[in-house]
Amino acid sequence: MDTNNTSETVLTVANLKVDFTTPDGEVNAVKGTGFSVKKGETLAIVGESGSGKSQTMMAVMGLLASNGRVSGSARYGETELVGASLSTLNSVRGSKITMIFQEPMTSLDPLYTIGRQIAEPLIHHRGMGKREARSRVLELMKLVGIPDPERRIDSYPHEMSGGQRQRVMIAMALANEPDLLIADEPTTALDVTIQAQILDLLADLQKRFGMAIVLITHDLGVVKHVADRVVVMRRGEIVEQGTRDEIFGNAQHDYTKMLLASEPAGIKPAPPAEAPVILEGRNVVVDFDIGSGLLFKGSQTFRAVDNVTVRLRKGQTIGIVGESGSGKSTLGRALLRLLESDGRYRFETTDVSSLDRKQMQPYRRQLQLVFQDPYGSLSPRQTVGEIITEGLYVHEPALSKADRDKRAIEALNEVGLDPAARNRYPHEFSGGQRQRIAIARSMILKPKVVILDEPTSALDRSVQRQVIELLRDLQAKHDLSYVFISHDLSVVRAMSDHVVVMKNGRIVEEGPTEEIFDSPAQDYTKALIAAAFTH
């Protein structure tokens, strides 16, 4: 395709600005961006959180929040979209330009079947009757690879997996065979194998329909494999744009170079073979009661963890990987005795299998947990100082207020935050800073074991790297032992010296990190690694 042929241009954006009026004053979210997208081309817009990449395309679609204002130009063919009437926008949106979002569950109406939701753009834009629309919906469901479409057409969103819901969103977007599909972080919430399937599906559909794709993402691994051209944004401005080969092979801007260098790297050395076992769970079984009543006859149970044994040595990091529903997070909570479970548990030399909640309390300071979502796990009503010293009231009640404050200052310094921040609230911090606060809350108790449940998945790549380096430094300084739970295999590879691969509640393979990644024995492990490192 001749990319210089302007007749092939689907969308042209010029000097686009987006401003928001907030209680704290004007926020200039997008500061004069400009680019074009051609038929059959994939343009990736990359940048970290707050770079303005999503707001740029929301402005193009006329979907800004009520306190937002847009100026400049966004032309679809000969049609100017900025300042266009609602009727003009509605004739383009959902028909000529369509958009899919990161989290399909929040984009789909839980009260309507997926068949009805896919049919809506067909009825609205093409005037199809219900019977004709239903027939077309079945074609679309087959096209995007939803199994058993005749049955699934009458399913509700909650009855489908994350990958299937994203396929539903793609079917809706493709219903009217658009010229341009905008995909805003379409795979971030998905497991690596499902992510690979969705990206392959989009590439296949693009060839079939000849449509242009604008991919909004912070995942450079995805960009490298699917984009034709790349736009790099930072703080509302485009700092660099070019072909994929130009950006990845000869980046010019320091910010682009920083993004490219942010892939987790390094090798975690294994502890000595004679290092003592500090935490052990033998033959762990976790069953969940999924209820009875109208939907079930009799009590039903779901086995989340099925006869799993894990031994963590002093100074070791065990990475636990697997797709959603594999049981990895449930296993982590069972090892900390936070769930009702069967099995034998040992912390250092003590058998803690039969201890109740009160009897476990003296061990809690030694066994800490850091969660995936730093915002959800921090109380918005407490200051940072109150949050990180909370455990001291339980485990060291004799400490004076001055001593607690001293410990808070030490903990914040250790995680690289200004101690003056202890008088501020969580909402005043970025995602990476909030995760440092969550880590400080654990470290202030001087634990021996920390279980980290997806601690970097909500963070930009460059921030991920900083948090990983912080965790490594803390481990070396305090001789900590980690269980690192993640579906991000590149992070696991950089953090762990031993890897456990889980599927359907069981361990399918485990061994030293390099052995698992370089020569996996099981097909499931091979599929995970192939999906993670080829997309």
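Just one of (1) farther than 12 Å from residue 46 by Cα; (2) assigned by TED's automatic domain parsing to the domain that holds residue 13 fails for residue 163. It is (2).
Answer yes or no as to whether residue 32 is surrounded by 17 or more Cβ atoms within 10 Å (Cβ to Cβ) and at positive phi. No: the conditions fail for residue 32.
Listed here are the residues, each with its yes/no results for (1) assigned to a strand (DSSP E or B); (2) outside the structural domain of residue 324 (by TED's automatic domain parsing).
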| position | (1), (2) |
| --- | --- |
| 455 | no, no |
| 465 | no, yes |
| 468 | no, yes |
| 483 | yes, no |
| 490 | no, no |
| 493 | no, no |
| 499 | yes, no |
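All told, residue 191 meets the bar of being over 21 Å from residue 96 (Cβ atoms), of a type in the set (D, E, K, R) and in contact with a His (Cβ under 8 Å, 6 or more places away or on another chain). Whether any residue in region 372-390 is of a type in the set (Asp, Glu) and closer than 23 Å to residue 278 by Cα is what I want to check. Within region 372-390, none of the residues are of a type in the set (Asp, Glu) and closer than 23 Å to residue 278 by Cα.
Which ones in region 153-163 are within 19 Å of residue 202 (Cα to Cα) and part of a loop (DSSP other than H, G, I, E, B)?
Matches in region 153-163: 161 only.
Here residue 338 does not fit the description of being in contact (Cβ under 8 Å) with a residue 12 or more places away in the chain, under 18 Å from residue 451 (Cα atoms), in a strand (DSSP E or B) and hydrophobic (A, V, I, L, M, F, W, C).
Among the residues of region 175-184, those that are at pLDDT below 90 and either in contact with a His (Cβ under 6 Å, 6 or more places away or on another chain) or crowded, with 23+ Cβ neighbours inside 10 Å (or both) comprise 175, 176.
Note on region 82-152: no enclosed helices (runs of 4 or more DSSP H) hold 3 or more residues that are of a type in the set (Val, Ile, Thr), assigned by TED's automatic domain parsing to the domain that holds residue 56 and surrounded by fewer than 17 Cβ atoms within 10 Å (Cβ to Cβ). With a requirement of 2 or more residues that are under 21 Å from the mean Cα position of the chain (by Cα) and either modelled with pLDDT under 95 or of a type in the set (D, E, K, R) (or both), the strands (runs of 3 or more DSSP E) lying completely within region 188-297 that satisfy it span 212-217. Taken over region 418-453, the criterion of being among the basic types (Lys, Arg) and either in a helix (DSSP H, G or I) or buried (at least 22 other Cβ atoms within 10 Å of the Cβ) (or both) is satisfied by 422, 434, 436, 441.
I'm trying to understand the selection: among the residues of region 461-477, which are surrounded by 18 or more Cβ atoms within 10 Å (Cβ to Cβ) and of a type in the set (D, E, K, R)? Listed by number, the residues that qualify are 461, 465.
Taking first residues from region 48-64 that are at pLDDT below 90 and partners that are among the polar types (S, T, N, Q), the Cβ contacts under 7 Å between residues at least 6 apart in sequence or on separate chains come to 48/462. Residue 504 falls short on exactly one of the conditions (1) surrounded by fewer than 18 Cβ atoms within 10 Å (Cβ to Cβ); (2) at pLDDT 95 or above, and that condition is (2).
The values are calculated or read from the model by the stated rules, or taken from the named source; none is laboratory data. Since the structure is predicted, the reported quantities are computational estimates derived from the model, not experimental observations. Please note: Cβ atoms are built from the backbone with ideal geometry, for glycine as well, and neighbour counts cover all protein chains shown.
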